[in-house]
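Each remark here refers to the structure printed beneath this line.
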Amino acid sequence: MTIRTLLLAVLVAIPASVAAHDHGKGHAAHAAHAPATTPAPALDFDRLDTDRDGFIVVSDLPAGHPALAHFSMADRDGDKRLDRDEFAVLLKML
Ligand SMILES: [Ca+2]
Ligand SMILES: [Ca+2]
């Protein structure tokens, strides 16, 4: 039982340390204070809206982007582009 518990503790600890390492890359001093709600760059509206028109269209998204599968569902008004509110809805689908 003791060995099993120890093994379990190691298995739990490994992914956490890997994630901490990746997150801290280049931001080691701030990693502990980084807000958990910061979106990944690939899911950040401002990064994806490269032409800064306030909307994300399919062509703004790189090939294979996870948002593409949900784009038409998130586009509630059917104008083929996502505003910030619609993009927030899309993020909840991922
Ligand atoms: Ca745009
Ligand atoms: Ca729309």
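Each value in this text was obtained by applying a stated rule to the coordinates, not by laboratory testing. Fair warning: this is a prediction, and the values are worked out from it, not measured in the lab. Because the Cβ atoms are built from the backbone with ideal geometry, glycine has one as well, and the counts that use them run over all protein chains shown.
At 7 Å along the Cα-to-beta-carbon direction for both Arg76 and Thr2, put a label point, then send me their distance in nm to one decimal.
So the label points at Arg76 and Thr2 sit 5.8 nm apart.
Subtracting the Cα-Cα distance from 0.36 nm times the residue separation, let me have the gained length for Arg84 to Ser59 in nm, one decimal.
Values: separation 25, 0.36 × 25 = 9.00 nm, distance 1.64 nm.
Stretched fully, the Arg84-Ser59 segment lengthens by 7.4 nm.
What is the spin-label model distance, in nm, from Leu94 to Thr37 if the labels are put 7 Å beyond Cα along the C-beta direction?
1.7
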